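Novice: First the structure, then my questions, so here it is.
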Amino acid sequence: MSTFERGAAIFAIIVWAAAGAAAANRSAAPAPVAVLAVAGPHVPTAADLLAARVGEIRPAAPQAQRAAIATAILQGAAATRTDPRLLFAVIQVESGFDPTAVGTHGEIGLMQVLPSTAAAVARGIIRGPAPPAASLFQPGWNVRVGATYLAVQEARFRGNLAMALSAYNAGGGVTAPTPYAAQVLAAYAAARSQ
């Protein structure tokens, strides 16, 4: 890797971290989806770096799928002012980055969203009827719905992330943090440390 490429990679990481920091401060302006305005061959963007992290966890995933997941995470984070590393952690725990995952209770896709939850959330996002449940297999829609539902839970619990994650996983009705929340928070801490 050339000095130029190393510098661009470091810049992309800084943009990735800044997007997360801005997302953590909900009163700040929406975190920009990282875009590098640097010319040159093979300059990694935040999406490239995120796709590479997805590949570390799910090496069998084709590059196009990794890129679609990375883009979905960054767009979902920007739309909901959520730290993209938190969405990364939720997806890692929920589906292991498998967009075709189906849970034991009918949860679908990357963020394991129930069709009934998607229908309720979709009314707020698109102000109309929800797309068919099969659309939850599409990374972009799944992450947008999941990120929105998580943001709703975070607002409901006034920023208490452990409770918000527990509610996200349990469908809302929780009174104490769950082991699931601890698992996601551990993955989130790991993502933040990289």
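The values are calculated or read from the model by the stated rules, or taken from the named source; none is laboratory data. Keep in mind that what you see is a predicted model, and the values were worked out from it rather than measured. All Cβ positions, even for glycine, are placed from backbone atoms using ideal geometry, and neighbour counts span all protein chains on display.
Novice: Can you tell me which residue among Arg26, Arg53 is touching a Lys or Arg at 6+ places or on another chain (Cβ under 7 Å) and modelled with pLDDT of 50 or more?
Specialist: Arg26
Novice: Here's something else I'd like to know. Give the stretch 44-70 a look and list any residue that's touching a helix residue (DSSP H, G or I) at 6+ places or on another chain (Cβ under 8 Å) and of a type in the set (Gly, Ala, Ser), or say none.
Specialist: Within the stretch 44-70, Ala46, Ala47, Ala51, Ala52, Gly55, Ala61, Ala67, Ala68, Ala70 meet the criteria.
Novice: Identify the residue in the stretch 175-185 that is surrounded by 12 or more Cβ atoms within 10 Å (Cβ to Cβ) and more than 14 Å from the chain's Cα centre (by Cα) and, among all such residues, is farthest from Ile91 (Cα to Cα).
Specialist: Pro177
Novice: Identify the single condition in (1) at pLDDT below 95; (2) in a helix (DSSP H, G or I); (3) closer than 20 Å to Ser95 by Cα that Gly172 does not satisfy, given that it satisfies every other one.
Specialist: Failing condition for Gly172: (2).
Novice: I'd like to check something: does the stretch 86-94 contain any residue that is touching a Pro at 6+ places or on another chain (Cβ under 7 Å) and surrounded by fewer than 24 Cβ atoms within 10 Å (Cβ to Cβ)?
Specialist: No, because not a single residue in the stretch 86-94 is touching a Pro at 6+ places or on another chain (Cβ under 7 Å) and surrounded by fewer than 24 Cβ atoms within 10 Å (Cβ to Cβ).
Novice: I've got another one for you. When you scan the stretch 121-139, how many residues do you find that are modelled with pLDDT of 90 or more and either surrounded by fewer than 17 Cβ atoms within 10 Å (Cβ to Cβ) or over 13 Å from the mean Cα position of the chain (by Cα) (or both)?
Specialist: Of the residues in the stretch 121-139, 8 are modelled with pLDDT of 90 or more and either surrounded by fewer than 17 Cβ atoms within 10 Å (Cβ to Cβ) or over 13 Å from the mean Cα position of the chain (by Cα) (or both).
Novice: Still on this structure, please answer the following. Taking the stretch 157-174 as the search range and keeping residues that are farther than 22 Å from Ser116 by Cα and either more than 19 Å from the chain's Cα centre (by Cα) or among the polar types (S, T, N, Q) (or both), which one is surrounded by the most Cβ atoms within 10 Å (Cβ to Cβ)?
Specialist: Among residues in the stretch 157-174 that are farther than 22 Å from Ser116 by Cα and either more than 19 Å from the chain's Cα centre (by Cα) or among the polar types (S, T, N, Q) (or both), the one surrounded by the most Cβ atoms within 10 Å (Cβ to Cβ) is Asn160.
Novice: Just wondering, is there one or more residues in the stretch 60-78 that are surrounded by fewer than 20 Cβ atoms within 10 Å (Cβ to Cβ), over 23 Å from Gln194 (Cβ atoms) and among the hydroxyl-bearing types (Ser, Thr, Tyr)?
Specialist: Checking the stretch 60-78: not a single residue is surrounded by fewer than 20 Cβ atoms within 10 Å (Cβ to Cβ), over 23 Å from Gln194 (Cβ atoms) and among the hydroxyl-bearing types (Ser, Thr, Tyr).
Novice: Looking at Gln138, Gln112, Gln194, can you tell me which residue is of a type in the set (S, T, N, Q), under 19 Å from Ile69 (Cβ atoms) and touching a Lys or Arg at 6+ places or on another chain (Cβ under 8 Å)?
Specialist: Checking each option against the conditions leaves just Gln194.
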